[in-house]
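What follows draws every value from the coordinates through simple rules; no lab data is involved. Just so we're clear, the structure is a prediction, and the values are computed from it rather than from any experiment. Here the Cβ positions follow ideal geometry from the backbone for every residue, glycine too, while neighbour counts run over all protein chains shown.
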Amino acid sequence: MPRKGRKDAPGAVHHIIVRGIERGILFRDDADRNDFLTRLGKILIETKTRCFAWALIPNHFHLLLKTGSFPVATVMGRLLTGYATSFNRRYHRSGHLFQNRYKSILCQEDAYLKELVRYIHLNPLRATIVPDVSELDRYPFSGHSYLMGKRSNDWQAMDEVLALFGEKKSVARRRYRAFLMKGIALGTQPDLVGGGLIRSAGGWSAVRLMRKAGLFQKSDERMLGDGEFVERVLSDARESMKTRYSLSTQGISIADIIPAVCNIFSIEPHRIIGPSKERTIVKARALVCYWAVRELGMTMTEVARHLKIALSTASSVVNKGEKIARDKCLSIKDILIANK
């Protein structure tokens, strides 16, 4: 069986925590919060990213995201850059708005999803923004009030979360609320966001390997899962490191991949450069993007610049390229050898 995609493939769940620089305020008023949510919703829909939970606190915010057609780094890059630019313009300020690194915890969905939804949605109560759960039910800047049916939007994955508590919505909401209230007595639960997130021996070596492999970028990445989950991530990281090291020592670059891929599809290499929509060229370009990003460790921006295509195009076709490689049983090493 083919290996499942790594963390930037569809299905990876991330608990994102973003704080203001020097504990500064990110949201001064409801206009700021509404601006942020409008941007968030638009980006989530465009990138097919699902949001299970969220909460806005004056100096930080939490998101629980499941990646879709774009990696979480792209989603967060667009969100943070757009909001910071708008915030600075609104308040006639300059400079950084967020801490240099946002924290992104790679989570094991089946084991921790309910716990994380509860943890995130209790944040406004813990921060004393609201005095009790009744007020939290109506608080407009947390996903809890939306799960309770008090508000609505078109981007929060409410049905998926409620399905964890029952088939009928009224029953699911009642059970979810009871589950949430039980969490109040648990306090801040540092095991969900702080130290101790690596659940097996050698876990931090997995993080270091993934950073070296370029799988974690511009974030403070940790893992929340059991030993088997961490070992699977570690195995993927080692495999990626091995492949990238091998290709790097051979001096392999995207310039070597393009003619090899074009040879598979019987097209001239120059035809893959540019935004052509011809079916065969689109497939070849997707395969090039996939191998350049996943095997060579190039950034989406570098690939887009080299192929003279839009960044959004490069991001959206990586997963298509992975499917092509899997369906055709193609290996980057094999096609490079065949093209020599």
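Assorted remarks:
- Mean separation of Cα contacts under 8 Å, 6 or more apart, over the residue count of the range 26-112: relative contact order %: 25 percent
- Looking at the range 19-113, the trypsin sites (Lys or Arg not before Pro) that sit in a DSSP loop and have at most 14 other Cβ atoms within 10 Å of their own Cβ are R28, K48, R93, R101.
- Shape call, the range 41-154: gyration tensor on alpha carbons, a/c limit 1.5: oblate
- Sequence-ordered 3J(HN,Hα) estimates for the range 258-270 from the Karplus curve with 6.51, -1.76 and 1.60 and θ = phi - 60° stand at 4, x, 5, 5, 4, 5, 5, 9, 6, 10, 6, x, 5 Hz, glycine and proline given as x.
- Its Cα gyration tensor gives the range 127-175 an equivalent ellipsoid; the semi-axes, largest first and in whole Å, are 20, 13, 8.
- Pairwise centroid distance, computed over Cα atoms, of the range 297-321 with the range 21-43, Å: 29 Å
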